[in-house]
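Shown next, in structure tokens, is the structure this report addresses.
The values are calculated or read from the model by the stated rules, or taken from the named source; none is laboratory data. Please read all numbers here as calculations on a predicted model, not as lab measurements. Virtual Cβ from ideal backbone geometry, glycine too; neighbours counted across all protein chains shown.
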Amino acid sequence: MLLKILLLVSIFSLLISSNNDDYEPPNIILILADDLGYSELGCYGQKKIKTPNLDRLASQGIRFTNAYSGSAVCDPSRAVLMTGRHIGHANSSWVNTKGQLPIKNKEITIAEVLKKKGYVTGAFGKWGLGEAYNEGDPQKQGFDRFYGYYLQSRCHSYYPSYLWNDGEQVELNNIPPVPGHARFPKYADPNDPASYDRYKGTDYAPDRINEKVLQFIEQNKDKPFFLYYPTILPHLALQVPDEELKSYLDLNWNDPPFLAREGYAYTPHQTPRAAYAAMISRMDRYVGKVLELLDKLKLADNTIVIFSSDNGVTHLKNEVDYEFFESAGALKGLKGDLYEGGIRVPMIIRWPGHTHSGTKSDRIVGFEDILPTLAKLSGAELDVPEEVDGISFLATLQGENQIERPFLYREYVGYGGQIAVRIGKWKGIKRDLIANPDAPLELYNLDSDIGEKNNIVKLHPEIASKIEALMLSERRIPELERFRFGKYEF
């Protein structure tokens, strides 16, 4: 009886505090890079690429060292982020072999949870979870405002002919538009800068998107807002304005042209290393503009800013020299892999008065944890759906001790079919499940082997069994078409 009374009092107190006239929920800004590697920011050890604004953000907040994207590629990772359900349960757009699917009406997104608490919601950049007017349209998933690209495939061009503005196409001044994929002409001189003019446009889409982001903040400065800013940078193609490129060209790196003459490739560039670095610096510049505006409007003290990446650095080495930049640091794997380099991502969170400046957290957090965390800090904890897999890490943000996450589950149907589970320091992974349904488990101790070099599965059979049991139990989406990797049913 006493337990019931205490529970009722706790719920009643929560309701009172959530509806108190003095309660001022924080503004929320969630910025998501596209294909940014774990070590491609200065605050994560990068030496060649300049990221002063993000480095400063880290100095003012918490830098997470064990943060995980939702999956190893963009769309499923975003599905996890938006719904708070890990990839074994999320209605991901890449859960089967038929390609992109819209997020379902029945899914409850971060935006829908926050709207119930009176937040104005806006999304600007790459959505990737549905098209205009279908059930995956962001404006049917809780967002009041949308500007950018719906489909991930269109994001490959930074100089498109149009973007989407609340369900309507708005023309850009790119005549003709610059494709995201092209071949360097056989007759052109690769050493002549003029040969690359065809891959430059006038209206840089990320500039337009950043303008709309700033406008949204200005327009909603007097009410709580949730701003989701999934920038398309630094995803290929290598396209960036010349003024951003200049500072890297002045470094005179050995930087041979990328000509895209064979295989799957994006657009050519005369100086691909400089271009890639410039794209990341351009993204950093956009973040700086957001932070400057928060200061100007005196919103910074009541705004939580979260920055992360949807997966690891791209695997296309001819276009992004991830070895030159040491993009994954000591991590093994790239985009598409469930090794650490494909899914461990930078995550920076600043919340003045709550997070301690310049701190580091080793807590294991995943994209599914962001929804319950934001719900709790905004007073919307009671609106979180029961099926959410995420665990709020609000206590960690506020400097409190928190119980260790029981496990983290990841999968990706591409690149041969993969499943991974992390339990504390232990990481288990199965690969190439399509070709080999009985693929053996690899087991690593990430505390002593962050590069996943030494498979110690034979030394720890009890841990291996526990991980394999989770691989089987955490995969269940009965409403979708299913297929099997042996005993692993997808």
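Structural remarks
Residues are listed down the side, and each one gets a yes or a no for (1) crowded, with 23+ Cβ neighbours inside 10 Å; (2) under 24 Å from Ala277 (Cβ atoms); (3) modelled with pLDDT of 95 or more; (4) in the same structural domain as Leu129 (by TED's automatic domain parsing):
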{"residue": "Leu15", "(1), (2), (3), (4)": "no, no, no, no"}
{"residue": "Thr51", "(1), (2), (3), (4)": "yes, yes, yes, yes"}
{"residue": "Thr65", "(1), (2), (3), (4)": "no, yes, yes, yes"}
{"residue": "Val73", "(1), (2), (3), (4)": "yes, yes, no, yes"}
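- Of all residues in region 208-223, none are assigned to a loop (DSSP other than H, G, I, E, B) and either more than 30 Å from Lys296 (Cα to Cα) or aromatic (Phe, Trp, Tyr) (or both).
- Qualifying residue in region 249-263 (condition: touching a residue at least 24 places away in the same chain (Cβ under 8 Å), more than 30 Å from Glu442 (Cβ to Cβ) and under 17 Å from the mean Cα position of the chain (by Cα)): no
- Checked against the criterion of being part of a helix (DSSP H, G or I), touching a residue at least 12 places away in the same chain (Cβ under 8 Å) and either farther than 15 Å from Ile87 by Cβ or outside the structural domain of Gly342 (by TED's automatic domain parsing) (or both), the candidates Lys458, Lys466 yield just one match: Lys466.
- Test: Lys360 is closer than 13 Å to Val113 by Cα, modelled with pLDDT of 95 or more and not hydroxyl-bearing (Ser, Thr, Tyr): no
- Residue within region 430-451 that is at pLDDT below 95 and assigned to a helix (DSSP H, G or I) present: no
- Test: residue in region 106-128 that is of a type outside the set (Lys, Arg), modelled with pLDDT under 95 and over 15 Å from Gln139 (Cα atoms): no
- If you filter region 40-49 down to residues that are surrounded by fewer than 24 Cβ atoms within 10 Å (Cβ to Cβ) and in contact (Cβ under 8 Å) with a residue 24 or more places away in the chain, you find that the one that is farthest from Val320 (Cα to Cα) is Cys43.
- In region 172-193, the residues that are more than 17 Å from Leu238 (Cβ to Cβ) and among the β-branched types (Val, Ile, Thr): Ile175
- Any hit, region 193-206, residues being of a type in the set (Asp, Glu) and assigned to a loop (DSSP other than H, G, I, E, B): yes
- Verdict on Thr314 being surrounded by 22 or more Cβ atoms within 10 Å (Cβ to Cβ), within 27 Å of Pro26 (Cβ to Cβ) and within 18 Å of the chain's Cα centre (by Cα): no
- Test: residue in region 402-421 that is touching an Asp or Glu at 6+ places or on another chain (Cβ under 7 Å), more than 22 Å from Gly336 (Cα to Cα) and touching a residue at least 60 places away in the same chain (Cβ under 8 Å): no
- Test: residue in region 365-374 that is without any contact (Cβ under 8 Å) to a residue 40 or more places away in the chain and surrounded by 20 or more Cβ atoms within 10 Å (Cβ to Cβ): yes
- Scanning region 133-149 for residues that are on the phi < 0 side of the Ramachandran plot and out of contact with any strand residue (DSSP E or B) (no Cβ under 6 Å at 6 or more places or on another chain) returns Asn134, Glu135, Gly136, Asp137, Lys140, Gln141.
- Elements of type strands (runs of 3 or more DSSP E) in region 58-172, at least 2 residues being closer than 20 Å to Leu32 by Cα: 62-68, 120-126, 145-149, 162-165
To keep it simple, each residue is scored yes or no on (1) modelled with pLDDT under 95; (2) over 21 Å from the mean Cα position of the chain (by Cα); (3) among the aromatic types (Phe, Trp, Tyr); (4) surrounded by fewer than 22 Cβ atoms within 10 Å (Cβ to Cβ).
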| position | (1), (2), (3), (4) |
| --- | --- |
| Arg198 | no, yes, no, yes |
| Asp207 | no, no, no, yes |
| Gln215 | no, yes, no, yes |
| Lys246 | no, yes, no, yes |
| Pro268 | no, yes, no, no |
| Asn302 | no, yes, no, yes |
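- Exclusive hit being modelled with pLDDT under 95 and among the hydrophobic types (A, V, I, L, M, F, W, C), set Ile232, Ile175: Ile175
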